[in-house]
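The values are calculated or read from the model by the stated rules, or taken from the named source; none is laboratory data. Values in this document were obtained by computation on a predicted structure and should not be read as measured data. All Cβ positions, glycine included, derive from the backbone under ideal geometry; neighbour counts span all protein chains shown.
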Amino acid sequence: MVPPENTEVFELPTSTMWFDEHGILCTVAKKVPQQTVEEAKKTMEEFRKITGGKKICLLSDSTDAPPANKEMRDYAAEVIPEIAKAVAIISRSAVGKMAANLFFSIKKQPYPVKMFNDETEAKEWLKQYL
């Protein structure tokens with residue numbers, strides 16, 4: 001996924017993000033080491049500034065995301081429900097898909113979440129939650 005021209009792009013320590021023309025927040029994971037929970041809390045503060053504290057539909061390309069340890073999975077399970085209406089995940093990595101599916105099967109989320117291979121399909125699915 002690549003941000004369109006003339007779009008405001010936000011660079012966070014672990015991802016690049018922008019809003020598409022429908023208001024879906026698109027985020028692409030950077031190939032960086034796993035954050036600590038303290039670092040993730042600071043990143044979440046930045047994220048909340050970007051979203052204006054509103055719940056959003058999130059399209060995440062997690063192909064390059066590092067595997068999350070239990071502490072980070074627990075933190076994500078706590079904060080994502082506060083910020084997400086629905087989450088669509090794209091991963092071109094078999095390990096990434098396996099990790100995401102495992103996370104979402106262990107912890108039932110209070111928001112719709114689905115894995116996709118294709119950005120267009122993912123956006124179509126997310127539009128129903130806008």
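Below is a table of values for the structure above.
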{"quantity": "Residue within the stretch 53-61 that is more than 20 Å from Glu124 (Cα to Cα) and touching a strand residue (DSSP E or B) at 6+ places or on another chain (Cβ under 8 Å) present", "calculated": "no"}
{"quantity": "Exclusive hit being buried (at least 18 other Cβ atoms within 10 Å of the Cβ) and more than 22 Å from Lys127 (Cβ to Cβ), set Thr43, Thr14", "calculated": "Thr14"}
{"quantity": "Residues of the stretch 69-96 classified as surrounded by 18 or more Cβ atoms within 10 Å (Cβ to Cβ) and modelled with pLDDT under 85, total", "calculated": "1"}
{"quantity": "Single residue of Asn6, Asn117 found to be at positive phi, surrounded by fewer than 18 Cβ atoms within 10 Å (Cβ to Cβ) and of a type outside the set (Gly, Ala, Ser)", "calculated": "Asn6"}
{"quantity": "Filtered residues of the stretch 100-130 (kept if farther than 23 Å from Lys42 by Cβ, modelled with pLDDT under 90 and in a helix (DSSP H, G or I))", "calculated": "Ala100, Asn101, Leu102, Phe104, Ser105, Ile106"}
{"quantity": "Test set (1) at pLDDT below 95; (2) in contact with a Ser or Thr (Cβ under 8 Å, 6 or more places away or on another chain); (3) not in a helix (DSSP H, G or I) - Pro66 fails condition number", "calculated": "(2)"}
{"quantity": "Residue within the stretch 72-94 that is in a loop (DSSP other than H, G, I, E, B) and either in contact with a strand residue (DSSP E or B) (Cβ under 6 Å, 6 or more places away or on another chain) or of a type in the set (A, V, I, L, M) (or both) present", "calculated": "no"}
{"quantity": "Members of the stretch 33-48 that are in a helix (DSSP H, G or I) and within 20 Å of Pro67 (Cβ to Cβ)", "calculated": "Val37, Glu38, Glu39, Ala40, Lys41, Thr43, Met44"}
{"quantity": "Some residue of the stretch 73-90 being over 19 Å from Thr14 (Cα atoms), under 14 Å from the mean Cα position of the chain (by Cα) and β-branched (Val, Ile, Thr)", "calculated": "no"}
{"quantity": "Residue check, Lys31 without any contact (Cβ under 8 Å) to a residue 12 or more places away in the chain and closer than 23 Å to Ala94 by Cβ", "calculated": "no"}
{"quantity": "Single unsatisfied condition, Phe47 versus (1) on the phi > 0 side of the Ramachandran plot; (2) touching a residue at least 24 places away in the same chain (Cβ under 8 Å)", "calculated": "(1)"}
